[in-house]
Structures are given as structure tokens and as C-alpha cells.
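In what follows, a single structure is set out as C-alpha cells and then discussed.
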Amino acid sequence: MISVVCVYNNRQILNNCLIKSLKKQNCNSELILIDNTQNKFNSAAKALNHGGSKAQEEYIMFVHQDMELNSPNWLSDVEEMLKSIKDMGVAGVAGRKGRTPRSNMKHGTTPRSVGIFPQDDPIEVQTVDECLAIVPRSIFQENPFDEETCQGWHLYLADYCLSLKNKGYHVYVVPQSSYHLSIGDSFSNDYYQTLSKIIKKHKNNYKWIYTTTGNWHTTYPLLIQIVYNKLYRTVERIIIKLT
């Protein structure tokens, strides 16, 4: 069974998206909701570590409030799939291992595909998107999110994936159809502050850090990369829209 951990700040969106799709599932799950409407937690890492510590099931799914699981078999199918993957550290529904996004997910108020190439099987990537990630509880108990590096609400899953890969675990995107209301395109100062810390933390182990919100070289000047990534994302969206 899967423990579902969600930090929310909008009860209406939570009910209309995640809760609605969970109620349609053909199997039971443990639901752990973290109410952050009053800003009790100032970072995703702290909030999710708090929620994850309460989980009792074999797998923990950390998921955004505006995610929808597109099939009533979603949870049962993904659990069976994960059991067949050796040394799995993290599994998500969107991710990168290079410049091409991998996902069967759609996002946005006018739904459009995240990935360019549809996938039928799990595929190994470098990092997965924060919108949904599943971690074996046994791994999470020994490897919580890094609250020092990730002091805001961005890139905590990218950091987590890189850290687990350093320990020999693998990161996958599973071919589960899903929908994310947000397009995940928020680039506040917090994003770049966290990115700078992640680059510093992992630069000795990775030449490139590939995320769903940008591809980052660990030695090139960050300001130049920010301009390049903005242009790249614009081109990428046009390509995805046309495919």
C-alpha cells in the first residue's frame, strides 16, 4: 500500500484535484495531509519530512495538491510496477536524464503534454519533478529531505534524487498518465538561491544537473545559464505543442 503525503495551502484545489482522484482509486491508501494555509512550514523539505515521518506504508508518495491520477488503477498499477524495479530510490511522473523531458503527464489549464515522446515502461532519469514522487519508506527513513540546502519550495526533489544516486539508488519516471493543474513555471529568487546551493553541493559529482525546470552546468556562470534556459524553455514548449 502507498502513503500519500500532501502539503496544501488551498483546500478547494486539494479537494477538486488530488482528493477527487484518490476517491476514485480501486485500492486503499494512507492519506497524510499537511495543512499549510497558515504558513506553519517555511519550506517543502520541513513540511514533507514532517509528513513522511508519519507514513506507515511500504511506499510514500509526495504529491502536490493540484495533481490528478488519471486512472482508478493508478495506485495499484504503480505499486506493482515499483516492486519490479531493482534499487529504486525515487520514481516520478516527469523527469529528465538529458535535455529531453520524459513524461506521460499533461499540465496547464489548457492541458498539454510535458514529454515529447510517450513512454510505455519506466525509464531511468537523473531527477524527477516535485509534482509527484514516490520513495520507498525504508529509504526515506534513512534519507530525509535536506532542510539546510533546500530552505524554500523549489528543487528539493532534484537535490534528493542527486543525493540518492550518489548512494547507488536509481531514479525513474513511470509511464503513469496524470494531470498537473500548474505548469510549474515559478522562478522566484528562492528558486535561484536553492539552485546555487544545489550546484555547490553536487558539483564534484555532476557536470550537468538536469531538471524539469532547466538544465544547469555546475561550473558555467549561473547568470548566463538563466538567460539561456529561458530561451530554451520557450523553444521546447513550441516543439511540444507541435508534436
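The values are calculated or read from the model by the stated rules, or taken from the named source; none is laboratory data. Please read all numbers here as calculations on a predicted model, not as lab measurements. Please note: Cβ atoms are built from the backbone with ideal geometry, for glycine as well, and neighbour counts cover all protein chains shown.
Being of a type in the set (S, T, N, Q) and touching a residue at least 24 places away in the same chain (Cβ under 8 Å), is that true of even one residue in region 79-100? No.
A single member of G168, G92 is small (G, A, S) and over 12 Å from the mean Cα position of the chain (by Cα), and it is G168. Quick one: is F117 without any contact (Cβ under 8 Å) to a residue 40 or more places away in the chain and either under 17 Å from K167 (Cα atoms) or aromatic (F, W, Y) (or both)? Yes; evaluated as a whole, the condition is true for this residue. Taking region 10-51 only, how many residues are without any contact (Cβ under 8 Å) to a residue 24 or more places away in the chain and either part of a helix (DSSP H, G or I) or of a type in the set (K, R) (or both)? Total satisfying the criteria: 7. Candidates are the residues of region 10-32 that are of a type in the set (D, E, K, R) and in contact with a strand residue (DSSP E or B) (Cβ under 9 Å, 6 or more places away or on another chain); the one that is farthest from I60 (Cα to Cα) is R11. Against the numbered list (1) more than 30 Å from L18 (Cα to Cα); (2) modelled with pLDDT of 85 or more, Y172 comes up short only at (1). State the number of residues belonging to region 176-204 that are loosely packed, with under 12 Cβ neighbours inside 10 Å and either in contact with a helix residue (DSSP H, G or I) (Cβ under 8 Å, 6 or more places away or on another chain) or outside any helix (DSSP H, G or I) (or both). So the answer is 4.
Of the residues making up region 36-90, just one is closer than 26 Å to H107 by Cβ, among the acidic types (D, E) and in contact with a Lys or Arg (Cβ under 8 Å, 6 or more places away or on another chain), namely E68.
The set of residues from region 120-153 being among the charged types (D, E, K, R) and either without any contact (Cβ under 8 Å) to a residue 24 or more places away in the chain or assigned to a loop (DSSP other than H, G, I, E, B) (or both) comprises D120, D121, D129, E130, E142, D146, E147, E148.
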